[in-house]
Amino acid sequence: MIRNVVMGRLRSPGDLAAEQQCDDGLRGIAGLRLPGQLAMSVGRDVGFREGGWSFAIVNDWADAAAYRNYDVDEVHGSYRRLLGEVCVEIARVQYEI
């Protein structure tokens, strides 16, 4: 199983348009249902600690092929672009469970 973790830091926190675009991207990704997808979780930081990232996406895939299909999926790409446009920084890691 492959776990994919993505964290983003908004370029302009508090900018209502950027916040809405972020939420639209996260909702879109959360709604994806692709072959080999085992779990999907997205969320905005609740702000318990200073310096946190703005959001996280965590999803699990049956195998590397399923993750790679998600990575190149056109609909996923459109939501990823929405997030990329409003982020100053995005961190990603994929690891085997």
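Bear in mind that the values in this text are calculations on the coordinates, not laboratory data. Note that the structure is a prediction, hence the values are computed from the model and not measured. Reconstructed Cβ throughout: ideal geometry from the backbone, glycine too, with neighbour counts over all protein chains shown.
Each Cα pair of the chain feeds into the Kirkwood radius, which the Stokes-Einstein equation turns, at 37 °C and 0.692 mPa s, into a diffusion coefficient of 240 µm²/s. Extension gain, Glu85-Arg49: 0.36 nm per intervening residue step, less the Cα-Cα distance, totals 10.5 nm. Per-residue ellipticity at 222 nm, computed for the chain from helices alone with -39500 (n - 2.57) per DSSP H run of at least four residues, works out to -12000 deg cm²/dmol. Each peptide in 29-35, 42-48, 3-9 was scored by the mean count of other Cβ atoms within 10 Å over its residues; highest first, the order is 3-9, 29-35, 42-48. Contact order, relative form, for the chain: 51 percent (alpha carbon pairs under 8 Å, 6 or more residues apart, mean separation divided by residue count).
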